[in-house]
Amino acid sequence: MGVVKAVCTSDIKGIQKTEKPSVELKPEWGIDGDAHAGAWHRQVSLLSYEKIEEFKARGADVVNGSFGENIIVEGFDLKALPIGTRFVSGDVVLELTQIGKECHAHCAIYHKMGDCIMPREGVFCRVISGGVISEGDEISLLKE
């Protein structure tokens with residue numbers, strides 16, 4: 001079992017997201033009010049809390065949302081999970097659709113640190129069942 005450490009949104013793509021107390025997820029859409037919501041396979045992005053902390057230990061000055069991630073999760077090595085893995089948190093069910101992403105234009109983090117973890121550590125999901133997720137909520141793998 002894992003814990004939601006933070007939830008973040010932005011209304012414009014390509015910028016740092018802002019931490020929120022909670023977010024509402026809509027089925028087959030994503031987070032209400034987030035720029036990445038839509039009828040596609042990358043509706044919600046997740047990043048591992050542990051990987052962010054490792055990056056900070058290397059000297060990175062980052063805050064929640066710096067990588068453009070929607071949900072920071074503690075307790076899982078997200079990139080090691082297979083496509084199709086489902087997460088559940090309250091009423092919300094997310095399905096893992098993509099691991100990592102191509103970074104077309106290096107972000108400010110990359111230019112400062114010479115590296116960014118989102119392209120290799122971030123994962124993307126579509127929303128199967130909607131609801132609200134808040135900081136501190138439990139999140140677990142759904143056993144089929």
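Just so it is clear, none of the values below were taken in a lab; they were calculated from the coordinates. Please read these numbers as outputs of a predicted model, since none were measured by experiment. Cβ placement follows ideal geometry from the backbone for every residue including glycine, while neighbour counts extend to all protein chains displayed.
By the rule of a C-alpha distance below 13 Å, with chain neighbours fewer than 8 residues away ignored, the aspartates and glutamates paired with residue 5 are 19, 50, 53, 69, 74, 135, 137, 138.
What percentages, rounded to whole numbers, describe P(r) for the range 1-53 computed over all alpha carbon pairs with 10 Å bin width beginning at zero? P(r) over the range 1-53, rounded to whole percents: 23, 53, 23, 1. Dividing the helix sum by the residues of the chain, where each DSSP H run of 4 or more adds -39500 (n - 2.57), gives a mean residue ellipticity at 222 nm of -3000 deg cm²/dmol. What does the charge dipole of the chain about its Cα centre add up to, to the nearest 20 debye, if the Cβ of each Lys and Arg holds +1 and the Cβ of each Asp and Glu holds -1? For this selection, approximately 400 debye.
Where both bridge residues fall in the chain, DSSP classifies roughly 90% of the beta bridges as antiparallel.
Over all alpha-carbon pairs in the range 2-141, figure out the percentage whose distance exceeds 28 Å. The answer is 9 percent, as a whole percent.
Look at the dipole of the chain built from charges on Cβ: of 78, 94, 22, the Cα furthest out on the positive end belongs to 78. Each of 118, 1 has some number of other Cβ atoms within 10 Å of its Cβ, and from fewest to most they run 1, 118.
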